[in-house]
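Values in this text are rule-based calculations from the coordinates and carry no lab data. Predicted model only: the values in this text are computed from it and were never measured. As a convention, Cβ positions derive from the backbone with ideal geometry for all residues, glycine included, and neighbour counts pool all protein chains shown.
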Amino acid sequence: MSEESSKFVQHCKDPNGLDKIILREVRGSSAQVYLYGGQVTSWKNEHGEDLLFVSSKAIFKHPKPIRGGIQICFPQFGSGALERHGFARNSFWKIDKDPPPFPTITSNKAFIDLILRHSEEEVKIWPHRYEFRLRITLGPGGDLMLTSRIRNTNTDGKPFTFTFAYHTYLSVTDISEVRVEGLETLDYLDSLKDRERFTEQGDAITFESEVDKIYVSTPTKIAILDHERKRTFVLRKDGLPDAVVWNPWDKKAKAIPDFGDDDYKHMLCVDAACAEKPITLKPGEEWKGRLELSVVPSSYCSGQLDPQRALCI
């Protein structure tokens, strides 16, 4: 790595010996990416405030997934034939030395390319061969972008099917003072009621109890307003039709071993996902899904999710 690029990308180890990458931008923002899970565990603004939540009881040791940050859920979101949320989030990824070209040319220098391929052990539980390429980019303005490209590399002619999510733990000041805009009037599957289908009735989503919902056919932009801190997360997504909203609230928080009793007050998961209708890839086919996170002052609200039209203080 050249001296110039090492200013933006630093490879190091954590106290447990796990490999991680630190991305830095000139204005002071940063992101931390673990090769374990291909997981972003920190995303800080220029003031050094972490915008992602990581549990006070998170375990940074295989085979336990790291509780928080942005988990990669593949090839399964939720429960099913495989372990919950699939195996990508507790697999060891590698730095991709030779990624295929991205369609857009970018001047961003703070990025890392990771790759996950099937292992012979893994094929026993999920009998397919694949290449999962993940680019994580920190933009000059502090925006965080994750682009996933999954290719079917089966040699037996068989397609495979998967579901997917960027399981994103946002750090909020007080969950009772948070609202989500952009999902109102949409249908959702309530995971607390065996994925029964309902229609969202409120003019925004607010929180006063446990929630675990999969909103379907969602817009490409969603706003998460943290009133206490007077800032708004803007989530943009591409190739991911669904959005999952989750907070365990007090009772379930106490039942999760790697989750602090009061952690639920300071986090909210809003996931860009493909959960309702699985994706099928034939051999040689590739799927692409993208997540972009940014933060703006809280004067911004959803409306058209256009900052010129959304100065609704």
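Details
- Debye-sum result for the chain in log10 I(q)/I(0), which assumes one identical scatterer on each alpha carbon, at q = 0.08, 0.09, 0.14 Å⁻¹: -0.34, -0.44, -1.13
- The LYS252 and THR161 beta-carbon pair, evaluated with R₀ = 41 Å, returns a calculated FRET efficiency of approximately 0.90.
- When the alpha carbon gyration tensor of the stretch 55-174 is reduced to an equivalent ellipsoid, its three semi-axes come out at 25, 22, 12 angstrom, largest first.
- Rounded to the nearest 20, the size of the Cβ-charge dipole of the chain about its Cα centre is 780 debye, with Lys and Arg at +1 and Asp and Glu at -1.
- More than 18 angstrom apart: percent of Cα pairs within the stretch 177-302: 57 percent
- Dipole-positive endmost among THR280, TYR130, GLY68 within the chain (Cβ charges, Cα centre): TYR130
- Taken one residue at a time, the phi angles of the stretch 166-173 give Karplus couplings (6.51, -1.76, 1.60, θ = phi - 60°) of 8, 7, 10, 8, 8, 8, 10, 6 Hz. Gly and Pro are set to x.
- Cα-only radius of gyration and Dmax that characterise the stretch 174-229, units Å: 11.6, 35
- Note on the chain: with a GNM built from Cα contacts shorter than 10 Å, the maximum mean-square fluctuation among ARG133, ARG149, ARG24 falls on ARG149.
- Under the Karplus curve 6.51 cos²θ - 1.76 cosθ + 1.60, θ = phi - 60°, whole-Hz ³J(HN,Hα) for the stretch 92-99, x wherever Gly or Pro sits: 8, 7, 10, 6, 7, 6, 9, x
- Magnitude of the charge dipole for the stretch 160-313, about its Cα centre and with charges confined to Cβ atoms of Lys, Arg (+1) and Asp, Glu (-1), is about 440 debye.
- 3J(HN,Hα) along the stretch 261-278, derived from phi through the Karplus expression 6.51 cos²θ - 1.76 cosθ + 1.60 where θ = phi - 60°, amounts to 4, 9, 4, 4, 5, 10, 9, 8, 8, 10, 9, 7, 8, 10, 10, 6, 10, x Hz, with x in place of Gly and Pro.
- Distance from the stretch 183-228 to the stretch 1-77 (C-alpha centre basis), Å: 28 Å
- Total formal charge among the other residues, if their Cβ is under 9 angstrom from that of ARG197, Lys/Arg +1 and Asp/Glu -1: -2
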